[in-house]
Every structure is written in C-alpha cells, then in structure tokens.
1. Please pick out the residue among Tyr259, Tyr284 that is away from ligand 2 (no atom under 16 Å from the Cβ), among the aromatic types (Phe, Trp, Tyr) and more than 23 Å from Ser202 (Cβ to Cβ).
2. Inside segment 54-76, can you point out the residues that are within 22 Å of Gln459 (Cα to Cα), open to solvent by 10 Å² or more (accessible area, probe 1.4 Å) and touching a residue at least 24 places away in the same chain (Cβ under 8 Å)?
3. Which is over 19 Å from the mean Cα position of the chain (by Cα), surrounded by fewer than 17 Cβ atoms within 10 Å (Cβ to Cβ) and closer than 30 Å to Asn177 by Cα, of Thr81, Thr120?
4. Condition (residue is assigned to a helix (DSSP H, G or I), aliphatic (A, V, I, L, M) and either over 18 Å from Gln99 (Cβ atoms) or open to solvent by less than 40 Å² (accessible area, probe 1.4 Å) (or both)) applied to segment 432-445: is it met by at least one residue?
5. Evaluate segment 314-325: report whether one residue or more is touching a His at 6+ places or on another chain (Cβ under 6 Å) and either surrounded by fewer than 22 Cβ atoms within 10 Å (Cβ to Cβ) or within 26 Å of Val412 (Cα to Cα) (or both).
6. Working carefully through the options Val400, Val392, Val373, Val424, find the one that is under 30 Å from Leu347 (Cβ atoms), of a type outside the set (Phe, Trp, Tyr), free of Cβ contacts under 8 Å to residues at least 24 places away in the same chain and touching a helix residue (DSSP H, G or I) at 6+ places or on another chain (Cβ under 8 Å).
7. Any chance segment 225-234 includes a residue that's in a helix (DSSP H, G or I) and open to solvent by 10 Å² or more (accessible area, probe 1.4 Å)?
8. Are there any pairs, at least 6 apart or on different chains, whose C-beta atoms fall under 7 Å, with the first in segment 236-259 and among the polar types (S, T, N, Q) and the second part of a helix (DSSP H, G or I), and if so, which?
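The values are calculated or read from the model by the stated rules, or taken from the named source; none is laboratory data. Small disclaimer: the values here were computed from a predicted structure and weren't measured. Don't worry about glycine lacking a Cβ; one is built from the backbone with ideal geometry, like all the others, and counts go over all protein chains shown. Surface accessibility is based on the protein's heavy atoms, side chains included, excluding ligands, DNA and RNA. Shrake-Rupley method; radii C 1.70, N 1.55, O 1.52, S 1.80 Å.
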Amino acid sequence: MAEAKQIMPDVLSIARSVQPIMLKSNNPQLQLPGEERKFVLVIMGTYYHTPTYGRLDVLRDVVLVVQEGKIVRIANGHEETEVQEEFGLAEVRQLKAGQYFMPGFIDTHVHAPQYQFTGTGTDVPLMEWLRKYTFPAECSFQDLEAARHRYSLLVKRFLANGTTTAMYYGSLHLQPNLVLVDSIERLGQRAVVGKVNMDRHSPDDYIEDTADGLRDAEEFVTYTLGKKCSRIQPCITPRFIPTCTPELMKGLAEIAQKYGCHIQSHISECCGEVNCVREMHPEYASDAAVFEEMGLLTNRTVMAHGTLLSDDDIRHLARRGTAVSHCPLSNFFLGDAFFKVNHALSLGLKVGLGTDVAGGISPSMLSAQRMAVVNSRCIRAHKLAVSGGTTVTPEMEKDVITFKEALWLATVGGAQALDLADVVGTFEVGKDFDALLVDTNLSGTSGPFDVFEGEDDDQRFEKFINLGDDRNLIEVYVQGVCVKRGDEFLLDGSNVSVKATEDDSDRIMSAPTPVEPEAAYLDLAHRADSSDEAASVDVGAAAEQSEPPTKRSRF
Ligand code: GUN
Ligand code: FE
C-alpha cells in the first residue's frame, strides 16, 4: 500500500508530459431506446470501488440513482425520502446485510472463438499452441449455426462471471464475427470487438489475401458502427506481427484512423514470438518499433502481454497513450514470463487486466486478479532466490500488488485502457451504471466461502475477491439494465441455454482435433520456440533494458 502511494505521483507527472496520438470514435454515443430511457433505478446500500490505485473506497449506506443508464445522484442514506420524492418513487430498494455493489469487471483481452477449448491444451508453448489448437478451433467458426450457439454460451459465461465489458478478438472469417457482435448486442454486454487479420505464416485454410483482409476489416467496422449501439465498439485487430505483413498492418492502421477505431494486438509476449519477429524483421529493434512504423500505436490501442518490453518500449507506448493488457495466467502457461505492473505504471503506461481466454485457462476476472497478485509475489520470490539471500529488501517489495490494486486493474485500469474512463470503472455521477451485486450470505454448500461472527463488511468483501465466484454475483447490470439475475439472462430471447442439450452437445461443445506439429506454416516460429533458439533471448536483459533498444530504433 505504501508503495502504491509512492507510485501515483510519478504516474501522474509522466502522464501529464506525454503526447498521445489521439483517435476519437465515430461511433455515436446513443442512449438506450424507448422505455429503458425513462427507467429509474434507485438502490440504497453499500458500494465498493477503487477510484485510486491501491485504495478500496466504500460508499456506505448511500442511495444511488440511475436514470437512462447513468448514475445521476449518490445521496446519503438520510436523504432517502427526499430522493424518493424527487424521482416520484413508491419505495426505495434496500440491499440486505452482506450484499454490496461493485463496478463490473473489464476484461481487456479475450479470444472469443477460443472459449470452447478453455481449460485444455496447456501442454505446449505459444507458437505450437497456435498451430495445434487455436487456428483449427477458430477456423471451425465458419459453421455459423455453431458460432451462434458457442458465442451465446461465451457471452453468458462472461456476464455470469461479472465481466460487463470485454475486449474481444473474433476469428479470421468475416461472417462469424458479425454473429459475435449480434450475440453481444442481444445479451446486453459492453464490448470492443475485432475481426482478426492475418495474411502470412498461417494455415492454408486460415489465412486471407491482404486486400481481402482489409476489405473485410472495413466491412466489419461499418457493420458494427451501423448498429448504432453505444455499448459496442469495433476494433482493428492485426493478430500479431508474425502473421501480418507490413502492407496489411499499414492498411489496418489507415482504417483505424478513418473510423477512430480501437486497435488490439499482441506485443513482446514471450521468447518464441520475440525471436520470430527478430528473425523476420531484423531491421527493427523490437515489436514496439515495428508497430510504431506501421502506425498502430494510438491512444485507443491495447497491446496484450508486453512481458518482454524494454523500459524504452514502455515509455514509448506511454507517450502514444497505448495500453498493455496484463494477462498473468496466460503469461504463466504460454509465455513463461512476468509483467511488472508497478514498474510499468511508474513509467506512465496504462495497464488493464485480461483473462486471455484460452491462453489463460479461466474466463473469470476474479481468477485474473488473484493471478495478478500471485504473479507479483512470484517476482518477489524470484528476486529473493537469485539474490541468494534470506532477506526481502524494499527493492524486492516494489513489484508486489495487493487485491486492491488488482481490483483497480480489473475496473479502472481496464476503463482507461479502453478509453472508457469517463464512462465506467467507478461509481461516480455521470458514469454509466455497470455493476455487480455481490451476495456474501451464501454459506455452506450454497456458496464458495463462509462468513463468521464478527466479520465486518470490508472483511466479507475481501473474502469475496479472494474466494468468491459467480454464485456470489446475484445481479449483473450494464448501462443500468439488469442483464442477469440469478440463473436468468434477462435480455435473452433465443432460449440458448448455458447448458448444451445432449442432442447438440457434440456439435456445439467439441473442439476440433488438434493438428499435428509437422504442419509447415509458422515453421519459423516453431524453431524460435525450441529451447536452443529461445536461449538466445536474454529475458532479464530485455525486460530491464534502459538503453535505447538499438541504432535501428525508430523512437
Ligand atoms: N499471439 C498471437 N495469437 C495469440 C493468441 O491467440 N493468444 C495469445 N496468448 N497470444 C497470441
Ligand atoms: Fe491473446
């Protein structure tokens, strides 16, 4: 906590001095239609949120008023009657003891078509994992009926776990991505969504011509904007450098500029990927230098992972207003790498948190928060081990984050990364009401933890963050609309159940057969994953580097 307080002034002073490339969305901020516009929600109770990094604030026994999806008043409990009269309400809803509202989670990195194999395929590093599991799974979404079922299940699972906003990668082919956007719209989630682009080093049946890719990316953008749904923003999505030609990346940057779109990709993720880019683009110093040259670093760009970014790379991203999505679980499984959150924040970088389903083996942002805490403690343990000592020094403590900082990353950090900091992330007048109702009263076998006599609200809330799960989330709100209550998805008219029926379970649920490693594409990448080649990257040196990357640097 003490460390967190030291970090903030640095972050703020650096943030003031950088010059971000500003993109502005062309997506009109339309309000909810018809009856929902008039809808007033007034709830008296206790609200937890983290407006400041490292601090958990509580609004105890307040009356919060939501109108047209936005918080219009936060009044003290004793003003209840006044508020009731002002808004012409028969009564004000009162939360029970042990129930609290908190902001909805913002997952800044999810691969929607990978949801089906989440929790499996954990045996290989990134480049082989893409070839063996990921590309075949994503390719299978050309079956649009299957895509509809799978995407319904995906969005419901994420909403059930409290993810009110997600930054999604779709798949390569245009049509399934339109299905994904439709599913998000129908079920009421907030999202930034992209059609994946890849025009090299990819399987024959999962690759596009450059021109086709650019045309489809633009069509995806116009389709999404055409919905005029303020909850859903399109995103330009070059998968990562190894599968995208410079021509494709430059063309995509132009589309992003034209429509003011978000951009997402993967940057300096792990040895395999970094070695691959070095081999393909020896003329550039780093992934960041490549993305800079292509025009893909903007104030609306979110780059996943960044574990091997140098300090100069981080400073450059910060200058551009580009964010990093920290994906601790997938960094453990696919990357064997750490991301130092506090260090990145101290250099002025925007940082959000991501599950990276399916590289991350859980769709839960609670799990991502816990893993972010564990990741930070692993860094401390690693420093202690390599020091050969038995004393933890203040320097070793610098990287450690608490559950409060992890919660900030999962809410405010994500909102900043997605250029939504004025819209969601905390409970403040003027922001949209994207919120989770947490019930800590589920004891015994009906809930994931027990509460004991004498435990106060703060302890119960901390238990939820560290031990809770979707059972505790009894209501989920997006833009002031309750999208899930108990087991029911209230906007779902399609009757697609979270459980697949026996009849369709084979078709809907089964992952495609993994592809054997002999496949020729990404061969370059495959070599880079091998231990000999990977050893050529000095991970520690790359991450700690403070010199300009090389003479070739474009910064
Ligand atoms: N790099 C390129 N594609 C992917 C992906 O699907 N997941 C992860 N974690 N990294 C990637
Ligand atoms: Fe990813």
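1. Sole residue among the options that is away from ligand 2 (no atom under 16 Å from the Cβ), among the aromatic types (Phe, Trp, Tyr) and more than 23 Å from Ser202 (Cβ to Cβ): Tyr259.
2. Answer for segment 54-76, where residues must be within 22 Å of Gln459 (Cα to Cα), open to solvent by 10 Å² or more (accessible area, probe 1.4 Å) and touching a residue at least 24 places away in the same chain (Cβ under 8 Å): Arg55, Leu56, Val58, Leu59, Arg60.
3. Thr120
4. So far as segment 432-445 goes, no, none of its residues is assigned to a helix (DSSP H, G or I), aliphatic (A, V, I, L, M) and either over 18 Å from Gln99 (Cβ atoms) or open to solvent by less than 40 Å² (accessible area, probe 1.4 Å) (or both).
5. Yes, segment 314-325 has at least one match.
6. Result of the check over Val400, Val392, Val373, Val424: Val392.
7. Yes, segment 225-234 contains a residue that is in a helix (DSSP H, G or I) and open to solvent by 10 Å² or more (accessible area, probe 1.4 Å).
8. Once the first residue is among the polar types (S, T, N, Q) and sits in segment 236-259, its partners that are part of a helix (DSSP H, G or I) give Thr245/Thr210.
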